[in-house]
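S.K.: The structure that follows is given in the form of structure tokens.
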Amino acid sequence: MAPTMFLLLLVLCAVSFNQTFAHSEGASQAQRVSGKQRGEACVCPFNSSAWVFPTLKYERVQRAVEGCEGAIENQENQVMLSSERLPQMQALLQNLSARLEPYLYLRKAGLHSALWLSTLGQELKKLEGDISLLHSQGESKETKTLSAEARQLRIDVEKMYHFDTINMKTIKEKLRYLKNRAESCRSFPKDFHGKYLHCTTKGLITNISSPVVTKISPFGKNLISGSWGKQAEQGGSRDSESYWVQPLANANNWGNILRLYPSYEKFMASAGHRDVTFAPTHSHKDANQGPNGVLYGDAFYYHCYRTADVCRYNLTSGSVARVTLPGDVGFNNKFPYCYYDCRPFSDVDLEADEAGVWALYATMGSHGNLVVSRLEWDGAALSVTHTWETHVFKKAVSNAFVACGVLYATRYANESTEEVFYAFDTGTGAEDHALALPLEKVAKGAASVSYNPVDRQIYMYNDGYLLAYQAVF
């Protein structure tokens, strides 16, 4: 064996091996071994376990990596889902903010601030002026009583300025009560009581019959919102076109067509009608918003498109007169009829009875409670003559109507029944929360409910069905 080859073998047997992978002990070291010559060969014993691949550790690490990948993928999915839902949540929050806006006053409700007291003093001063005017026009026991109570209320308000000992809510309720009584002193025409004896001798409605008329709307059941009825002016000049239907053909929210029928027979047969277009389009300023119309004499009264105005369309001349309702009136779904299920754009409701035409609505000043205003047409202009504030929240009502100067409110009982549960007498200011008069239905929703003084019937637009009932006093 050549000396050079032997030397090389010795070097190879003594070489150091470096471990290049990490293991649980975390240390790397060289392995030194001694060789032995056997004949012409050099034999080097060494432990090869140091180079065995750590299969178990690799599998554990691989599972951990796979777990991390799954967790990262799950987090990525959640981030993507959150990104998709974020605009929806933002829209929901904006919607909630808009819906809560009418109730922001509750944060300071009952606080006796100087601004509240100043506003209260102004309202009381106006009331005192109205009472003095009534007293000068005709002194009576009622005007004397009102004057005395107004003076006492003035004393109570002065005490609030100095001592802050009287509850603001009680004072405001007393003021509302006196204002309603002052309105009632000058509410109806002088011949009203003698002309409509059923209103004064029999009091409130005591019973409502089962439907005496049941018919599908001539416009079909798909138009679930609208109003209908019979011409409501007693001795009116348009008895030749006495029955009418006004559907909300645009999204069940807006309308511009009034259908007239010359007789009950023609109405039931859906024949011989005449369609009147009282606005060029559904979005015109003279279009109707919400299920609220009433035909009174030669004019159709309704809520004007996206305003706090009442429109009066003259069927003879085709002209439109308007009047803005008093106060900060809620419209555009701020105070719709909303018991159980909200009826879109039912903020302002037009009704008729023996005394004329009425507007039912709510204001921010009334804290969303129903307000009743009496309207008057003098041949040239439409005006609001009287206004009362009730004690029932409008969104807790499904619909309302007026009969004999009394406001009646309904609520949802079940899918086949509405119930008249509340009454407010504009003549006395008295309220009754204990009524329970059922109104049978065919469908679930009551888009409009109206009383007609000509036949003393109640008309309901019942989600595309037209129903009528006999009212019993």
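S.K.: Please specify each residue of the stretch 421-432 satisfying the condition of being under 14 Å from residue 205 (Cα atoms) and either surrounded by 21 or more Cβ atoms within 10 Å (Cβ to Cβ) or small (Gly, Ala, Ser) (or both).
M.R.: The answer is 421, 422, 423, 424.
S.K.: Scan the stretch 339-351 and give yes if some residue there is under 27 Å from residue 283 (Cβ atoms), acidic (Asp, Glu) and in a strand (DSSP E or B), otherwise no.
M.R.: For the stretch 339-351, residues under 27 Å from residue 283 (Cβ atoms), acidic (Asp, Glu) and in a strand (DSSP E or B): present.
S.K.: Quick check on residue 385: is it at pLDDT below 95, over 23 Å from residue 259 (Cβ atoms) and among the polar types (S, T, N, Q)?
M.R.: So residue 385 fits the description; yes.
S.K.: Still on this model: Write out, first by first residue and then by second, each pair whose Cβ atoms fall under 8 Å of each other, whose residues are 6+ apart or on separate chains, and whose first residue, in the stretch 350-369, is over 11 Å from residue 294 (Cα atoms) and in contact (Cβ under 8 Å) with a residue 60 or more places away in the chain while the second is open to solvent by less than 10 Å² (accessible area, probe 1.4 Å) and of a type in the set (Ser, Thr, Tyr).
M.R.: Here the result reads 355/187, each pair linking the stretch 350-369 to a residue that is open to solvent by less than 10 Å² (accessible area, probe 1.4 Å) and of a type in the set (Ser, Thr, Tyr).
S.K.: Hey, another quick one. When only residues in the stretch 227-244 that are within 14 Å of residue 293 (Cβ to Cβ) and out of contact with any Gly (no Cβ under 7 Å at 6 or more places or on another chain) count, which is most open to solvent (accessible area, probe 1.4 Å)?
M.R.: So, considering only residues that are within 14 Å of residue 293 (Cβ to Cβ) and out of contact with any Gly (no Cβ under 7 Å at 6 or more places or on another chain), the one most open to solvent (accessible area, probe 1.4 Å) is 230.
S.K.: Checking residue 314 against (1) of a type outside the set (Gly, Ala, Ser); (2) at pLDDT 95 or above; (3) closer than 21 Å to residue 225 by Cα, which test does it fail?
M.R.: For residue 314, the failing item is (3).
S.K.: For residues in the stretch 267-306 being open to solvent by 50 Å² or more (accessible area, probe 1.4 Å) and free of Cβ contacts under 8 Å to residues at least 12 places away in the same chain, which is nearest to residue 343 (Cα to Cα)?
M.R.: 269
S.K.: All but one of (1) over 19 Å from the mean Cα position of the chain (by Cα); (2) closer than 16 Å to residue 460 by Cα; (3) not hydroxyl-bearing (Ser, Thr, Tyr) hold for residue 400; which doesn't?
M.R.: All conditions pass for residue 400, except number (1).
S.K.: Please enumerate the residues belonging to the stretch 393-420 that are part of a strand (DSSP E or B), without any contact (Cβ under 8 Å) to a residue 40 or more places away in the chain and either in contact with a Gly (Cβ under 6 Å, 6 or more places away or on another chain) or farther than 20 Å from residue 203 by Cα (or both).
M.R.: Passing the criteria: 393, 413, 414, 417.
S.K.: Now, a different point. Output the number of the condition that residue 367 fails; it satisfies all remaining conditions of (1) in a strand (DSSP E or B); (2) modelled with pLDDT under 95.
M.R.: Here residue 367 clears every test but (1).
S.K.: For the stretch 237-262, name all the residues that are at pLDDT 95 or above and among the aliphatic types (A, V, I, L, M).
M.R.: Matches in the stretch 237-262: 245, 248, 257, 258, 260.
S.K.: Looking at the stretch 329-338, which of its residues are modelled with pLDDT of 95 or more, out of contact with any Cys (no Cβ under 8 Å at 6 or more places or on another chain) and in a loop (DSSP other than H, G, I, E, B)?
M.R.: Scanning the stretch 329-338 gives 330, 331, 332, 334, 335, 337.
S.K.: Given the condition open to solvent by less than 10 Å² (accessible area, probe 1.4 Å) and assigned to a strand (DSSP E or B), answer yes or no: does some residue in the stretch 307-320 qualify?
M.R.: Checking the stretch 307-320: at least one residue is open to solvent by less than 10 Å² (accessible area, probe 1.4 Å) and assigned to a strand (DSSP E or B).
S.K.: Could you please let me know if residue 419 is acidic (Asp, Glu) and closer than 25 Å to residue 368 by Cβ?
M.R.: Yes.
S.K.: Residues that are surrounded by fewer than 18 Cβ atoms within 10 Å (Cβ to Cβ) and hydrophobic (A, V, I, L, M, F, W, C): find the strands (runs of 3 or more DSSP E) completely inside the stretch 433-473 holding 1 or more of those.
M.R.: Correct list: 465-472.
The values are calculated or read from the model by the stated rules, or taken from the named source; none is laboratory data. Predicted model only: the values in this text are computed from it and were never measured. Virtual Cβ from ideal backbone geometry, glycine too; neighbours counted across all protein chains shown. Each accessible area value is taken on the protein alone, full model and side chains, heavy atoms only, with ligands, DNA and RNA left out. Shrake-Rupley method; radii C 1.70, N 1.55, O 1.52, S 1.80 Å.
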